[in-house]
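Report on one structure; see the data block that follows.
A short reminder: the numbers here are calculations on the coordinates, not readings from a lab. For clarity, every value in this text was computed on a predicted model and none was experimentally measured. All Cβ positions, even for glycine, are placed from backbone atoms using ideal geometry, and neighbour counts span all protein chains on display.
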Amino acid sequence: MFRALYERLKTGLARTRDLFSGIAGLFTGKGRVDRNFLAEMEKRLLLADVGATATREIVKQVEAAFLDKEIGDDLSGFVRGLLLEMLTGEGLELGKSTSGPTVILVAGVNGSGKTTSIAKLANRFCKEGKSVVVGACDTFRAAAVEQLSTWSQRIGCEIVKGQTGGDPASVAHDTCEKAIAKNIDIVILDTAGRLHTQTHLMRELEKIHRVVQRKIPGAPHEVLLVLDGTNGQNALLQANQFTKTVACTGIILTKLDGSAKGGFVFSIRKNLGLPIKLIGVGEGLDDLEAFDPDSFVAALLDK
Ligand SMILES: Nc1nc2c(ncn2[C@@H]2O[C@H](COP(=O)(O)OP(=O)(O)OP(=O)(O)O)[C@@H](O)[C@H]2O)c(=O)[nH]1
Ligand SMILES: [Mg+2]
């Protein structure tokens, strides 16, 4: 089972793997760690979108521990350990309610993969035997509601929809109400990625958050920010805006299958301090993986 997941991850991350093989390739060379070696390592880490801060830290640590020493397995293991350490921390699991419905609020800019990720997540919960209701709080576009509606039919979960142009917070309210009334385990709320203005978008998200909090004590149990893995460093700027508006609890990083920028996961952890909880590696319902630092680093570095 683990093997199958790991192989899928390797395939999904093929383009990122190409860049990381350039980094791993440095450690199989001969000679000593010198300035040129460090400069080359820095260049290759940046090329893989590991980001300036994380790259600087890795280079600094390698310099401190290995300058003038032989290049070899020790160095390779050391860098692997640093990469792993950067991704490991608290809160990789999804938060749960201790009694009553667990509410997951999903936010992110348009096209990042919110609705698709919600469908994948709902599908996963349903397969685990949990009952799920999704709330179509993106009332800005009729197509958005239809998209979620089609997914919910395929998955066989409940959905609450409002009128197009209606109040998203009232859809959030009704979804929570339905979950309480019907004793549903999981509530997942889809939100708009684009509104008239960015200020509108942020204000609406705040309002949904407030309504949910009032309706179910302790909710939302997760506020997941969806980031498009192909956007690399740009996604960090977007992330900053969202985290200023609502307290996000974790990241879903999507489209890693199409991206050469998987190294971006290292910058997220470093710059946002938020755990990546799930990753999207395709457009299908099963293309969502729990983010596991060990298998992720292995999928990037191992042959
Ligand atoms: N390859 C790939 N495509 C994905 C992934 N996740 C989402 N997509 C695609 O990205 C596109 C946008 O996804 P949506 O789920 O509609 O994005 P959204 O954030 O809900 O967009 P808005 O509702 O417009 O804000 C769709 O074509 C999805 O199929 C992924 O992990 N891999
Ligand atoms: Mg959407």
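Springs between alpha-carbon atoms under 10 Å, Gaussian network over the chain: tell me which of PHE266, PHE20, PHE37 tops the mean-square fluctuations.
Among PHE266, PHE20, PHE37, the largest mean-square fluctuation in the Gaussian network model of the chain belongs to PHE37.
In vacuum, with every alpha carbon of the chain counted as one equal point scatterer, what does the Debye formula give for log10 I(q)/I(0) at q = 0.14, 0.16 Å⁻¹? Two decimals, please.
Normalising to I(0) and taking log10 leaves -0.98, -1.20.
Using Cα centres only, tell me the gap between the stretch 22-79 and the stretch 120-169 in whole Å.
Result: 46 Å between the Cα centres.
Using the structure shown, list the pairs from LYS207/LYS261; LYS161/LYS182; LYS161/LYS215; LYS120/LYS303; LYS127/LYS261; LYS130/LYS261 with a Cα-Cα distance above 26 Å, or answer none.
In this structure, LYS207/LYS261; LYS120/LYS303; LYS127/LYS261; LYS130/LYS261 lie more than 26 Å apart at Cα.
Can you tell me the FRET efficiency between THR164 and GLU283 if r is taken as the Cβ-Cβ distance and R0 is 22 Å, rounded to the nearest 0.05?
0.30
Which order do HIS196, HIS173 fall in if you start with the one that has the fewest other Cβ atoms within 10 Å?
Lowest to highest Cβ neighbour count: HIS196, HIS173.
Each residue of the stretch 219-231 in order: what ³J(HN,Hα) in whole Hz does its phi give by Karplus 6.51 cos²θ - 1.76 cosθ + 1.60, θ = phi - 60°, with x for Gly and Pro?
8, x, 7, 9, 10, 9, 9, 8, 10, 7, x, 7, 7
What are the ³J(HN,Hα) values, in whole Hz, obtained from phi via the Karplus relation 6.51 cos²θ - 1.76 cosθ + 1.60 with θ = phi - 60°, for each residue of the stretch 195-203 in sequence order, with x given for Gly and Pro?
In residue order, the calculated couplings are 10, 3, 9, 5, 5, 4, 4, 5, 5 Hz.
Subtract the Cα-Cα distance of ALA64 and SER149 from 0.36 nm times their separation in residues, and report this length gain in nm to one decimal.
Length difference between fully extended and current span is 25.1 nm.
Can you tell me the orientation of helix 114-127 relative to the chain, as the angle in degrees between its alpha-carbon axis and the longest Cα principal axis, to the nearest 10?
Between helix and principal axis, roughly 80 degrees.
What are the GluC sites (Glu not before Pro) within the stretch 52-101 that DSSP puts in a loop, where the Cβ has at most 15 other Cβ atoms within 10 Å?
GLU90, GLU93
What are the ³J(HN,Hα) couplings of the stretch 102-110, residue after residue, when phi is run through the Karplus curve with 6.51, -1.76, 1.60 and θ = phi - 60°? Round to Hz, x for glycine and proline.
The phi angles translate into 8, 10, 10, 9, 10, 10, x, 5, 5 Hz.
Compute the angle between helix 168-181 and the longest alpha-carbon principal axis of the chain, please, reported from 0 to 90 degrees and rounded to the nearest 10.
Taking the Cα atoms of the chain, the angle to 168-181 is about 80 degrees.
So for THR243, THR199, fewest C-beta neighbours within 10 Å to most, what's the order?
The fewest-first ordering by Cβ neighbours comes to THR199, THR243.
What list do you get for SER97, SER149 if you sort them by fewest beta carbons within 10 Å?
Ordered by Cβ neighbours within 10 Å, fewest first: SER149, SER97.
Per residue of the chain, what 222 nm ellipticity follows from adding -39500 (n - 2.57) for every DSSP H run with n ≥ 4, rounded to the nearest 500?
About -16500 deg cm²/dmol.
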